[in-house]
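Asks: One structure, pasted below without further comment.
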Amino acid sequence: MNKIKWGIIGTGWISTMFATALSSIENTEMAAVASRDLGRAKDFAEKFKIKKAYGSYEELVKDPDVDVVYIGTPHSEHKDNAAMSIQNGKAVLCEKPITLNQKETQYLISLAKEHKVFLMEAMWTKFLPATRKVKSWLKDKRIGEVQHYKVSFGYYTKFDINSRLFNPDIAGGALLDVGIYPITYVTHMMEKLPDQIISSAVIGKSNVDEQNVIIFKYKEGILADLSSSVAVNTGKDAVIVGDKGKIVVPNFWMAETAMLYDAENNLVESFSEPFAVNGYVYEAEEVNRCLREGKLESEVVPLKDTLDIMKIMDEIRADWGLTYPQERG
Ligand SMILES: NC(=O)c1ccc[n+]([C@@H]2O[C@H](COP(=O)([O-])OP(=O)(O)OC[C@H]3O[C@@H](n4cnc5c(N)ncnc54)[C@H](OP(=O)(O)O)[C@@H]3O)[C@@H](O)[C@H]2O)c1
């Protein structure tokens with residue numbers, strides 16, 4: 001098996017988690033890390049025993065020792081960071097959401113096709129064993145016909161205009177940060193897009209959505225009740241209700257467990273597979289596998305699905321009148 005050589009862009013929270021994952025995978029090397037600040041890159045490199053540290057992202061994407069670039073920067077930076085990587089012939093795993101909107105995503109997809117390089121959004125939830133188990137329970141009709149989804153991802157954070165969660169200049173707000181998870185989860189389970197979307201949001205003092213509710217309606221008579229927040233602890237579980245039972249997934253976006261109940265609320269089956277290191281190992285292994293097989297996209301997180309989710313989020317934001325500074329004239 002050939003060694004896959006990774007470069008990491010950004011040295012914040014998620015890059016630290018992802019580097020922890022990479023350091024546990026065989027035939028995988030962290031060849032370089034880049035920060036806007038050389039000192040931060042050096043500290044990160046020392047912590048994870050990475051050979052090269054760069055004080056600019058440009059230097060990393062030009063490094064011939066890097067096969068694939070992991071992008072762990074704020075949402076607003078993804079398009080430019082990914083484009084620069086692709087234009088230098090690097091495969092890309094980019095944090096969610098892959099860009100601010102559908103137009104930017106389409107641009108990256110076209111660029112990746114033109115340069116014949118792999119591109120994937122880091123939608124790690126889809127690869128988790130618990131997510132795969134839930135999908136198999138649904139396929140096997142273990143809860144009968146699905147009637148309803150209730151999926152929330154909301155947590156309290158003290159308002160701070162400088163935080164990436166509230167700062168509009170780096171595309172803060174609940175929808176792009178965490179709302180993408182309930183939307184992706186239900187779409188992944190349904191394997192189709194909703195026929196109708198209704199939503200509402202509370203736009204806070206920094207002009208980003210602090211909390212939102214979204215309803216998906218499907219013509220078969222299925223409803224999905226989705227919500228997300230960066231300011232209110234709305235919960236973090238997924239509940240899928242069918243005519244013969246229900247599935248409960250605690251902390252669905254990072255799930256290690258899932259429970260199956262019958263229609264009388266008796267526990268029928270319980271799934272548990274704790275992460276050996278963390279939940280980011282699975283998406284990293286998928287990228288390694290795709291690169292070794294010469295694939296340009298993952299079958300689990302295909303580019304069409306990524307584009308569809310961005311389109312949904314564009315439509316929802318349009319209903320709220322929420323745009324980001326980068327999107328205005
Ligand atoms: N998959 C997940 O579970 C998960 C969890 C959390 C976050 N995320 C995603 O990961 C991304 C980063 O989130 P995070 O929580 O890791 O953020 P963070 O801790 O603030 O780190 C972001 C890093 O990006 C770099 N950066 C580049 N331009 C920046 C700018 N204009 N302002 C601030 N930082 C900038 C900085 O690294 P340097 O200064 O070193 O260049 C910074 O440390 C987001 O897209 C987020 O949605 C994913």
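The values are calculated or read from the model by the stated rules, or taken from the named source; none is laboratory data. Owing to the predicted nature of the structure, the values given are computational and were not obtained by experimental measurement. We place every Cβ from the backbone using ideal geometry, glycine too, and count neighbours over all the protein chains shown. Heavy atoms of the whole protein, side chains included, go into the accessibility calculation; ligands, DNA and RNA do not. Shrake-Rupley method; radii C 1.70, N 1.55, O 1.52, S 1.80 Å.
Asks: Run the reach check for residue 116 against aspartates and glutamates, Cα to Cα strictly under 15 Å, same-chain hits fewer than 8 apart removed. What comes back?
Replies: Straight-distance partners of residue 116: 67, 293, 297.
Asks: Using DSSP to call loops (not H, G, I, E or B), can you name the trypsin sites (Lys or Arg not before Pro) in the range 253-329 whose Cβ has at most 11 other Cβ atoms within 10 angstrom?
Replies: 328
Asks: Taking a 1.4 Å probe, which of 1, 120, 84 shows the most accessible area, and what order do the others take after it?
Replies: Heavy-atom accessible area, descending, gives 1, 84, 120.
Asks: Give me the distance in nm between label points sitting 7 Å out from Cα along the Cα-to-Cβ direction at residue 326 and residue 25, one decimal.
Replies: Here the answer is 2.5 nm between the modelled labels.
Asks: Could you provide, to the nearest whole Å², the per residue accessible area of the chain with probe 1.4 Å?
Replies: 43
Asks: If you filter the range 1-52 for chymotrypsin sites (Phe, Trp or Tyr not before Pro), then keep DSSP loop positions with at most 16 other Cβ within 10 Å, what is left?
Replies: Within the range 1-52, no chymotrypsin sites (Phe, Trp or Tyr not before Pro) qualify (loop, at most 16 other Cβ atoms within 10 Å).
Asks: If you wrap a convex hull around the C-alpha atoms of the range 125-277 and split its volume per residue, what is the figure in Å³?
Replies: Spelled out: Cα convex hull of the range 125-277, divided by residues, is 119 Å³.
Asks: Test of understanding: what is the full-extension gain from residue 196 to residue 56, defined as 0.36 nm times their sequence separation minus their Cα-Cα distance?
Replies: 46.0 nm is the gain from fully extending residue 196 to residue 56.
Asks: Using only the Cα atoms, work out Rg/Rh for the chain, with Rh taken as the Kirkwood radius, to two decimals.
Replies: Dividing the radius of gyration by the Kirkwood radius yields 0.97.
Asks: Got a sec? Charge dipole of the chain, +1 on Cβ for Lys and Arg, -1 for Asp and Glu; which of 122, 55, 313 is way out at the positive end?
Replies: 55
Asks: Next up: Report in % the part of the accessible area of the chain that belongs to carbon and sulfur, leaving out ligands and nucleic acids; probe 1.4 Å.
Replies: 50
Asks: If you don't mind, there's one more thing I want to ask. Please list, or write none, the aspartates and glutamates whose alpha carbon is within less than 16 Å of the alpha carbon of residue 205, excluding same-chain residues fewer than 8 places away.
Replies: 160, 169
Asks: For a 32 Å ceiling on Cα separation, which of these pairs sit above it: 49/135; 3/158; 139/236; 90/246; 96/150; 96/217?
Replies: Check vs 32 Å cut-off fails for 49/135; 3/158; 90/246.
Asks: Treat every Asp and Glu Cβ in the chain as -1 and every Lys and Arg Cβ as +1, leave all other atoms uncharged, and give the resulting dipole magnitude about the Cα centre to the nearest 20 debye.
Replies: Dipole magnitude for the chain comes out near 320 debye.
Asks: Okay, moving on. Positive end of the dipole of the range 140-289, charges at C-beta (+1 Lys, Arg; -1 Asp, Glu), about the Cα centre: which of 265, 180, 190 has its Cα farthest in that direction?
Replies: 180
Asks: So how far apart, in nm, are the two label points at residue 292 and residue 136 if each is 7 Å from Cα heading toward Cβ?
Replies: According to this spin-label approximation, the distance is 2.1 nm.
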